[in-house]
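*Asks:* Pasting in a structure now, in structure tokens, and then I'll have a few things to ask.
The values are calculated or read from the model by the stated rules, or taken from the named source; none is laboratory data. Computed from a prediction, not measured in an experiment: that's the story for all the values here. Virtual Cβ from ideal backbone geometry, glycine too; neighbours counted across all protein chains shown. Accessible surface areas use protein heavy atoms only, side chains included; no ligands, DNA or RNA. Shrake-Rupley method; radii C 1.70, N 1.55, O 1.52, S 1.80 Å.
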Amino acid sequence: EKGGYDTFMAKEIHEQPQAVADTLRGRIDEAGQIVLDEVRMSDQDFRDIDKVFIVACGTSYHAGLVTKYAIEHWTRIPCEVELASEFRYRDPVLDRSTLVVVISQSGETMDTLMALRHAKDQKARVLAISNTVGSTIPRESDAVLYTRAGIEVAVASTKAFLTQLAACYLVGLHLAQVRGIKYADEVSAILDELVAAPGKIAKVIEHLEPVREMARNSAGKDRVLFIGRHVGYPVALEGALKLKELAYLHAEGFAAGELKHGPISLIEEGTPVVAIVPSPRGRSLLHDKIISNIQEVKARGAKVIAICEEGDAITASHADFVIETPATPTLLAPLLTTVPLQEFAIELATAMGRDIDQPRNLAKSVTVE
Ligand code: M6R
């Protein structure tokens, strides 16, 4: 049932191109409009929204962090992302014009369910993104988009995450469309790029051998740090979470600009630092900034592994190792840049003799608060 792979996680990493294609299938109609699954909300309800909260836990929270950049850019609606376990205890300001997007692979995570119920008590509209048809979270929500990742067996989430991203992009584009599109050309170009994403994810998966080598070289280190900017920041958090879960190793993700405000003191001679580098095209300011961050950590002895766009010669001249991913719009890049980090974690954890599919102390679905 592992389909020839050593672990379910490896199998699920390889299923990602198909899973993302399944998420998108039939969701963009002939007129280029996004179709949600179950919607107990009118278009007018969507137009009345003046604030979005995204609430989730763990990897699903990271999908939410990426989505904030997309929703704010495409719709100009303010969007906040919050850990479900914190959300209701701080008494957030919610009303009928608030959309709360809850993301949960299992649809049964108790922290997320409690946050959803709190949002509903405050009369907010709730849209669920889930992989599990008929689970509690979608059933209690006003609108649902299923991710269609298929069953994910490994505790560490891989294909569920990528399909959450794809579904979240669809929600952002749906919101933009329902409300009248400010960046109509950009939105239709993004739709084309989303449809092209599964092929590019497959390309990333075909070229993972150098990642495995770097992961083996990093086994035995005390810690691994991950840095990113913009949507690369949540990808850094996700890369670190994968490594913590699987390898039981100190791994942390940082917004690269924060390094000099404290964490740079963690760097010793040989500390691996994985940098998620944005495309040098378009937002070149971001690219310049992360190159400076790479220089800062290298000057303190870090070994820099850069995940960058193919052909990025500037990054190649600064980093110790590069992993290239195909070109894609900045906001969609997490669909590609996350994949090498999944492979990095699985390989490093394997080198340390860990149980990949069933890491210690963890459950696939967390149904207690
Ligand atoms: O089922 P959910 O998406 O609600 O689960 C949320 C987290 O428990 C989950 O993403 C967890 O962080 C994964 N094990 C990460 O790999």
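*Asks:* To the nearest 0.05, what FRET efficiency results for Ile151 and Glu269 with a Förster distance of 56 Å applied to their C-beta separation? Each step should come with its number before you reach the end.
*Replies:* On the way: r = 44 Å, r/R0 = 0.79.
Taking R0 as 56 Å, the efficiency between Ile151 and Glu269 is 0.80.
*Asks:* Efficiency by 1/(1 + (r/R0)^6): what FRET value for Asp48 and Glu140, r their Cβ-Cβ distance, R0 = 25 Å, to the nearest 0.05?
*Replies:* On the way: r = 21 Å, r/R0 = 0.84.
With a Förster radius of 25 Å, E is 0.75.
*Asks:* Further, regarding this structure: With viscosity set to 0.692 mPa s at 37 °C, what whole-number translational diffusion coefficient in µm²/s follows for the chain from Stokes-Einstein and a Kirkwood radius over Cα pairs? Before the final figure, lay out the partial values.
*Replies:* Numbers: Rh = 20.6 Å.
After rounding, the answer is 159 µm²/s.
*Asks:* Mind checking Rg over Rh on the stretch 105-148, alpha carbons, Kirkwood formula for Rh? Walk me through the numbers before you get to the answer.
*Replies:* On the way: Rg = 9.5 Å, Rh = 10.2 Å.
Answer for the stretch 105-148: 0.94.
*Asks:* Which lysines, on any chain, are close to Lys120 with Cα under 23 Å apart, when same-chain ones fewer than 8 places away are left out?
*Replies:* Filter leaves Lys51, Lys68.
*Asks:* Tell me, what HN-Hα J-couplings in whole Hz come from the Karplus equation 6.51 cos²θ - 1.76 cosθ + 1.60 at θ = phi - 60° for each residue of the stretch 196-205, using x for Gly and Pro?
*Replies:* Once θ is set to phi - 60°, the couplings for the stretch 196-205 become 7, 4, x, x, 6, 4, 4, 5, 4, 5 Hz.
*Asks:* Could you derive backbone 3J(HN,Hα) for the stretch 72-82 from the dihedral phi with the Karplus parameters 6.51, -1.76 and 1.60 (θ = phi - 60°), listing whole Hz in sequence and x where the residue is Gly or Pro?
*Replies:* Going residue by residue, I get 5, 5, 7, 10, 6, 8, x, 9, 10, 10, 9 Hz, with x marking Gly and Pro.
*Asks:* Let's test the formula: R0 of 45 Å, r as the Cβ-Cβ distance of Lys203 and Glu369. What FRET efficiency results, to the nearest 0.05?
*Replies:* Numbers: r = 41 Å, r/R0 = 0.91.
Efficiency, from the Cβ-Cβ distance: 0.65.
*Asks:* Report, in deg cm²/dmol and to the nearest 500, the calculated mean residue ellipticity at 222 nm for the chain, where each DSSP H run with n ≥ 4 adds -39500 (n - 2.57) and the sum is divided by the residue count.
*Replies:* Details: 14 runs with 168 residues, N = 369.
My calculation for the chain gives -14000 deg cm²/dmol from helical runs alone.
*Asks:* For the stretch 285-301, in order, what is each residue's ³J(HN,Hα) by Karplus, 6.51 cos²θ - 1.76 cosθ + 1.60 with θ = phi - 60°, in whole Hz (x at glycine and Pro)?
*Replies:* Per-residue couplings from phi come out as 4, 4, 4, 4, 5, 6, 4, 4, 5, 4, 4, 4, 6, 5, 4, 9, x Hz.
*Asks:* Identify the residues of the stretch 330-353 with backbone N under 17 Å of a label point that sits 7 angstrom from the Cα of Leu285 along the Cα-to-Cβ direction, or state none.
*Replies:* Only 330-331 fall inside the zone, counting backbone N under 17 Å.
*Asks:* Any aspartates and glutamates with Cα under 12 Å of the Lys260 Cα? List them, leaving off those in the same chain fewer than 8 positions away.
*Replies:* The qualifying aspartates and glutamates are Glu296.
*Asks:* Quick one: pull the percent of accessible area on the chain belonging to carbon and sulfur, 1.4 Å probe, ligands and nucleic acids left out. Mind showing how you got there, number by number?
*Replies:* On the way: 7090 of 14440 Å².
That fraction is 49 percent.
*Asks:* Beta carbons within 10 angstrom, averaged per residue: use that to sort the peptides 330-338, 256-264, 155-163, 94-102, highest first.
*Replies:* Working: 330-338: 24.4, 256-264: 15.3, 155-163: 28.2, 94-102: 21.1.
Ranking, from highest mean packing down: 155-163, 330-338, 94-102, 256-264.
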